[in-house]
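Before any comments, here is the structure.
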Amino acid sequence: MALITQQNLERALQIDVTAEPDPTVTEYIAQAQAVAEGWCKQPLEHASVTEIFEVDQWESWYVTDRFPVTAVTSITEDDTLLTVTDEYLIYEDGRLRRVNGALDTSWSMFPNAVTVVYTAGYGTGAPSPFDTPPNDLVRGITQICVDMWRYGAQYAAQGAVPVSQVQLEGSDSLQFKVAEHPIQPGELSDAVKTLLSPYVRRRM
């Protein structure tokens, strides 16, 4: 289920779309979330994830592909099931720390040695407070959807660079006033980037 709703878009645009759900709005919402996930370099909806990894040198830290991590189902290293607190620690931002009691130790360096199964993301199925997407994330995706709604038809009809002048043979040229908009198709505004920046996947 998407992280924003038709009501989010209607409030932002201050309109009331007759059909609910409206198929065009549903498509815009899906596209807007996909754009946001592309910028954030990770899926954002809550889901179960399985990752297999190894480290290439002595390293006690690993960062998962997705965050926020809402739970760890299991971590297996070299076919041995690890125990939380005694053998690993997990942080909400996706950091996994390999420990041996109170001391750090290294993750296995054998190929594909570690399998971690965890859940991450926001929305339906996530535990509280992750079941409610953060306000800035909702605002960011909604603004992408607003831009699609407002300018999508214009871009589809005119392309990225609208025609501003036409020269007809035997007559003066016709000059058109072009409505300027700083955002081209596929681009995000600085405001949207700021809203989404806390959710961009980062590596150690």
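The table for this structure:
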| quantity | calculated |
| --- | --- |
| Segment Val200-Asp65, extension gain: residue separation times 0.36 nm, minus the distance between their alpha carbons | 47.5 nm |
| Spin-label zone in the stretch 130-144 - amide nitrogen under 17 Å from a point set 7 Å from the Cα of Leu13 along the C-beta vector | 139-144 |
| Net lengthening on full extension, Val84/Glu187 (0.36 nm per residue, minus Cα-Cα) | 32.9 nm |
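No value in this document is a laboratory result; all are computed from the given coordinates. Here the structure is a predicted model, which is why all the values come from computation and not from measurement. FYI the Cβ positions are ideal-geometry reconstructions off the backbone, even for glycines, and counts take in every protein chain you see.
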